[in-house]
Amino acid sequence: MTDAIAPSLAEIASARALLGDTVVHTPSWRWRTPAVVARTPGIELHLKLELFQNTGSFKARAALLFALGLAADDRNRGLTGVSAGNHAIAVAHAARAIGSTAKIVMPKTADPWRVARCREIGGEVVLVDDVHTAFAEVDRIVANEGRLFVHPFEGPTVATGTGTLGLEMLEDVPDVDAIVVPIGGGGLAAGIAAAIKQARPDVRMIGVEPVGADTMHRSFAAGEPRSVDAVRTIADSLGAPHAAPYSFALCRRYLDELVHVDDDMLVDAMRLLYSDAKLAVEPAGAATTAAVLGPLRDGLVGRRVIALVCGANIDPTVFCRLMTTGR
């Protein structure tokens, strides 16, 4: 695990060139309204607005990078994946972009809007009881149908794809001091941190996990990938059931700090993003804001910070319920 080879800056730049206009260089926006300044005194806060990415989340980057690199015969085999939603949508989008098909396994608890969106794009959805069952079902699909598995958070292609976000952050805010990223399975944090630390080793890289799905915290403590028996958070997009060797190794090498946020903190951050920045995000998309408002606030005083808003795919009724009741 410690010998995992990170994608180089040249490889990440080549990936960005290959992706071309199939992905959006999403904007970075300095958030300095009176409301957020009052709650983050002394912090220069920039939001990396990846919710404006094609498919509504960062997942499009790695899924498209995987798909675009396939030979014609492999494209004809079709794609498969496992996801609570954002990766499912991204894989369906990538399959359509290369003229292929996608069969996605999703837990029955997945946001219904995401399930419907995946189907609208052309993905075939298989619903199963939970994320653990989902990985077993994907293995069956690969074995029986010959489809190619697009992993949601593990491997060099994922890290290279998400690393393109790191390059964009440095283009947008070249004098950044700290970058805060959410962690589900760890592929997003691994890629961004690998890119940033190779280009700017002085930048502080901070990962954020929900209390109810803290596989990376457990893995760091154990010194090897660990799992959780169940996902217990409203941030289902960050609900990976386990950490995986490659992304874990890069996270351990390049992340400077990990912090927890709970569901109440996520809802509070969602409300502030909506009321003050007019951004309607999913709970995972509010994780970094929640961390800056909470456990990171005092330690980031005097620093120029980028917080990644990773996605906004959420059923409108669920969003309204969280805004009103917090549950």
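Does residue 59 count as more than 23 Å from residue 282 (Cβ to Cβ) and either not assigned by TED's automatic domain parsing to the domain that holds residue 226 or not aromatic (Phe, Trp, Tyr) (or both)?
On the way: more than 23 Å from residue 282 (Cβ to Cβ): no; either not assigned by TED's automatic domain parsing to the domain that holds residue 226 or not aromatic (Phe, Trp, Tyr) (or both): yes.
No; evaluated as a whole, the condition is false for this residue.
Taking segment 106-133 as the range and being surrounded by fewer than 21 Cβ atoms within 10 Å (Cβ to Cβ) and in a helix (DSSP H, G or I) as the test, the residues that pass are 112, 113, 116, 119, 120, 121, 132, 133. Taking residues in segment 301-322 that are assigned to a loop (DSSP other than H, G, I, E, B), and partners anywhere that are of a type in the set (A, V, I, L, M, F, W, C) and at pLDDT below 95, the pairs with Cβ atoms closer than 6 Å and at least 6 places apart or on different chains are 315/113. For residue 317, the test of being assigned by TED's automatic domain parsing to the domain that holds residue 175, hydroxyl-bearing (Ser, Thr, Tyr), out of contact with any Pro (no Cβ under 6 Å at 6 or more places or on another chain) and surrounded by fewer than 21 Cβ atoms within 10 Å (Cβ to Cβ) is passed. Applying the criterion of being among the charged types (D, E, K, R) and within 18 Å of residue 261 (Cβ to Cβ) to the residues of segment 189-226, the residue that is surrounded by the most Cβ atoms within 10 Å (Cβ to Cβ) is 209.
Conditions (1) acidic (Asp, Glu); (2) touching a residue at least 12 places away in the same chain (Cβ under 8 Å); (3) in contact with a Cys (Cβ under 8 Å, 6 or more places away or on another chain); (4) in a loop (DSSP other than H, G, I, E, B), marked per residue:
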site: 189; (1), (2), (3), (4): no, yes, yes, no
site: 192; (1), (2), (3), (4): no, yes, no, no
site: 208; (1), (2), (3), (4): no, yes, no, no
site: 233; (1), (2), (3), (4): no, yes, no, yes
site: 237; (1), (2), (3), (4): no, yes, yes, no
site: 250; (1), (2), (3), (4): no, yes, no, no
site: 258; (1), (2), (3), (4): no, yes, no, no
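Buried (at least 18 other Cβ atoms within 10 Å of the Cβ), in contact (Cβ under 8 Å) with a residue 24 or more places away in the chain and touching a Leu at 6+ places or on another chain (Cβ under 8 Å): is that true of residue 164 in this structure?
Details: buried (at least 18 other Cβ atoms within 10 Å of the Cβ): yes; in contact (Cβ under 8 Å) with a residue 24 or more places away in the chain: yes; touching a Leu at 6+ places or on another chain (Cβ under 8 Å): yes.
Criteria met by residue 164.
Apart from one condition, residue 170 fits all of (1) farther than 30 Å from residue 303 by Cβ; (2) without any contact (Cβ under 8 Å) to a residue 60 or more places away in the chain; the exception is (1). So residue 134 ticks every box in (1) assigned by TED's automatic domain parsing to the domain that holds residue 290; (2) touching a Pro at 6+ places or on another chain (Cβ under 7 Å); (3) under 26 Å from residue 75 (Cβ atoms) but one. Which box is left unticked? Residue 134 satisfies every listed condition except (1). The residues in segment 170-187 that are part of a loop (DSSP other than H, G, I, E, B) and of a type in the set (Asp, Glu) can be counted, and the count is 2.
The values are calculated or read from the model by the stated rules, or taken from the named source; none is laboratory data. On a predicted model such as this, the values are computed, not experimentally measured, just so you know. We place every Cβ from the backbone using ideal geometry, glycine too, and count neighbours over all the protein chains shown.
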